[in-house]
Amino acid sequence: MKFGPSARELANGHWREILVAAGIDEDVLDGEHHPCPLCGGTDRFRFDDKDGRGTYFCNGCGAGDGFQLLMKYQCTSSFVEAARFVEGYFKGQSTPIAAPAKPVQQSSAQDDRKRIARKLQKAWAESLPLTAGDPVYRYLTETRKLPIEGLTNCLRLHPGMGYFEKVKVGDGKVGYKKRGTHPVMLAKATAPTAQPVGLHRSYLTQDGKKAPYAKTKKSMKGLGLHGAAIRLYPVTGAVMGVAEGIETSIAGRALTGVPTWATISSTIMEGFEPPAEVKLLVIFVDNDHPDEKGRRAGFYAAQVLKERLEARGIQVILVVPTTVGTDMDDVWQVRTAALTDQSPRVNLYAGTACMRAAQTIAARIERQGVRSTVRSYAPTDGETLPHPQRHAA
Ligand SMILES: [Zn+2]
């Protein structure tokens with residue numbers, strides 16, 4: 001990586017194509033006034049690309065060069081990560097969203113990807129950073145009693161998105177019926193290549209409650225979520241956490257201090273890829289009830305991820321609430337409501353190499369008023385193994 005031209009030299013004069021590869025709509029990079037890809041608006045943003053440095057100016061969020069635009073768009077404070085994306089782009093590792101990978105037969109699939117990318121881009125551009133008192137702020141701080149300090153701008157407010165439900169329209173066909181328009185907590189999912197690949201929606205009411213539907217969380221059609229995550233906190237060191245839900249991730253971080261990303265689903269968690277610097281991963285496991293086949297999705301995903309990463313020399317600690325059917329957000333809710341008759345408890349499972357780290361994390365959890373026990377993770381020990389097929393907690 002140190003040989004050859006620097007990422008800055010590589011990128012100079014090529015910022016438009018790099019930023020399009022990162023997922024920014026090429027239409028806003030033509031030098032005219034447009035909505036800002038970072039903070040929205042209608043015409044506040046202009047990409048002037050002075051001296052080929054990718055410079056831009058925004059009346060809403062300020063000015064910068066190509067690296068600053070890329071880092072802000074990718075929700076990272078790490079120049080190294082942005083530089084890696086640029087180097088990857090020139091090595092052909094970062095497939096540009098808008099550029100055809102297989103030029104001839106794939107054209108309709110390419111059009112499809114481009115159309116999806118534009119939809120995602122549009123929704124993101126329409127969303128706003130969180131401000132005190134807005135519906136997302138109230139949902140997190142008042143309804144969920146979660147701390148929001150330190151969150152990146154991957155979590156934003158969309159002021160109004162349509163809520164659609166599938167309905168039968170006759171002849172066995174299915175259509176969509178609009179039920180209402182709601183503020184949405186919009187969360188950006190980012191691939192390991194640092195490309196934004198999806199948006200997750202939590203439908204809310206104006207006063208920060210869940211919208212009045214059975215299913216209030218929906219993902220927009222994305223560009224392939226394998227290995228992706230919502231990068232809720234900056235990861236700057238060798239330790240990070242991962243959980244399924246956004247609220248669960250925020251709760252896990254609040255209880256341990258470990259910056260934690262959300263994968264949204266157990267399936268996506270199985271394929272999660274931490275940044276290269278990470279040497280210790282804390283998995284906040286959802287203690288799911290067994291499904292009809294006896295499989296417990298949260299444990300299963302954690303197990304698959306753990307085995308894959310341990311094979312690469314990454315240490316893994318599992319943090320598991322002891323009550324079946326709960327996750328770390330439930331632990332946080334019970335702790336915050338101070339329901340002493342059911343004070344929450346978590347188990348930490350660690351291998352010998354990360355036992356001390358697990359004890360440090362357990363001590364932090366204890367200081368937050370949650371009882372915690374560290375257990376050795378020995379795959380042959382039926383008593384302590386939170387096996388995906390076992391029913392006991
Ligand atoms: Zn802006």
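Rule-based calculations on the coordinates, nothing more; no lab input. Just so you know, these numbers come straight off a predicted model, no measurement behind them. Glycine also receives a Cβ, built like all others from the backbone with ideal geometry; neighbour counts cover every protein chain displayed.
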Any aspartates and glutamates whose Cα falls less than 15 Å from that of Lys218, other than same-chain ones fewer than 8 residues away, would be Glu165, Glu244, Glu247
Row for the chain, column shape: gyration tensor on C-alpha, a ≥ b ≥ c, rounded if a/c < 1.5 i.e. under 1.5, prolate if a/b over b/c, else oblate; value prolate
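Of Lys173/Lys210; Lys50/Lys72; Lys72/Lys209, which sit over 23 Å apart, Cα to Cα?
Working: Lys173/Lys210 30 Å; Lys50/Lys72 19 Å; Lys72/Lys209 29 Å.
Where the Cα-Cα span goes over 23 Å, the pairs concerned are Lys173/Lys210; Lys72/Lys209.
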Within the set Gly227, Gly180, Gly23, GNM on the chain using Cα springs under 10 Å gives the largest fluctuation to Gly180
The set of residues whose placed amide H lies less than 5 Å from the amide H of Arg44, leaving out same-chain residues fewer than 5 positions away, is His34, Cys36
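Taking every DSSP beta bridge with both residues inside the chain, roughly what % is antiparallel (nearest 5)? Let's see the in-between values first.
Numbers: 43 of 61 bridges.
Antiparallel: roughly 70 percent of the beta bridges in the chain.
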Going fewest to most other Cβ atoms within 10 Å around each Cβ, Ile246, Ile314, Ile264 line up as Ile314, Ile264, Ile246
In this structure, the FRET efficiency calculated for Glu17 and Arg356 from their beta-carbon separation, with R0 = 56 Å, to the nearest 0.05, is 0.75
Among Gln303, Gln110, Gln195, the residue with the largest mean-square fluctuation in a Gaussian network model of the chain built from Cα contacts under 10 Å is Gln110
Quick calc: nm separation of the 7 Å Cα→Cβ label points for Lys168 and Asp111 -> 3.3 nm
With Cα springs under 10 Å, the Gaussian network model of the chain assigns the largest mean-square fluctuation among Lys173, Lys217, Lys114 to Lys173
Within the range 1-90, DSSP-loop GluC sites (Glu not before Pro) with at most 11 other C-beta atoms within 10 Å are Glu32
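Can you give the helix-only mean residue ellipticity at 222 nm for the chain, where every DSSP H stretch with n ≥ 4 adds -39500 (n - 2.57) and the sum goes over all residues, rounded to the nearest 500 deg cm²/dmol?
Values: 11 runs with 109 residues, N = 393.
Rounded to the nearest 500, it is -8000 deg cm²/dmol.
Multiply the residue separation of Ala214 and Lys279 by 0.36 nm, subtract the distance between their alpha-carbon atoms, and state the gained length in nm to one decimal.
Values: separation 65, 0.36 × 65 = 23.40 nm, distance 3.94 nm.
Fully extending the segment from Ala214 to Lys279 adds 19.5 nm.
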The answer for the longest stretch of the chain without any exposed chymotrypsin sites (Phe, Trp or Tyr not before Pro) (DSSP loop, at most 15 further Cβ atoms within 10 Å) is 4-212
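Using the beta-carbon distance between Lys221 and Arg295 and R0 = 25 Å, what value does 1/(1 + (r/R0)^6) give for FRET efficiency, to the nearest 0.05?
Details: r = 27 Å, r/R0 = 1.07.
With a Förster radius of 25 Å, E is 0.40.
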Taking a crude spin-label model, label points 7 Å out from Cα along the C-beta direction, the Asn59 to Tyr176 distance in nm is 3.2 nm
Beyond 25 Å (Cα-Cα) in this structure, taken from Lys145/Lys279; Lys122/Lys178; Lys215/Lys306; Lys114/Lys168, we find Lys145/Lys279; Lys215/Lys306; Lys114/Lys168
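Where a ≥ b ≥ c are the square roots of the eigenvalues of the C-alpha gyration tensor, would you call the range 122-281 rounded, which needs a/c under 1.5, or, failing that, prolate if a/b is larger than b/c, or oblate?
Working: a/c = 2.15, a/b = 1.42, b/c = 1.52.
Oblate.
Find out how many positive minus negative residues lie around Gln368, taking Lys and Arg as positive, Asp and Glu as negative, among other residues whose Cβ is under 12 Å from that of Gln368. Write down the numbers at each step before the final one.
Values: positive: Arg253, Arg335, Arg364, Arg367, Arg371; negative: Glu366.
Local net charge: +4.
Write down the percent of antiparallel bridges among all DSSP beta bridges whose residues are both part of the range 229-376, to the nearest 5. Could the numbers behind the result be given before it?
Values: 7 of 25 bridges.
Roughly 30 percent of the beta bridges in the range 229-376 run antiparallel, per DSSP.
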With the label point 7 Å along the Cα-to-beta-carbon line of Asp207 and a cut-off under 17 Å to each amide N, the hits in the range 131-165 are 133-145
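Specify whether the C-alpha gyration tensor of the range 229-376 places it in the rounded, prolate or oblate class, a ≥ b ≥ c being the square roots of the eigenvalues: rounded for a/c under 1.5, otherwise prolate if a/b is larger than b/c and oblate if not. Don't jump to the answer; show the numbers that get you there.
Working: a/c = 1.44, a/b = 1.19, b/c = 1.21.
In terms of gyration-tensor shape, rounded.
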Output for the range 250-300: GluC sites (Glu not before Pro) sitting in coil per DSSP, at most 10 other Cβ within 10 Å, listed by number, reads Glu292
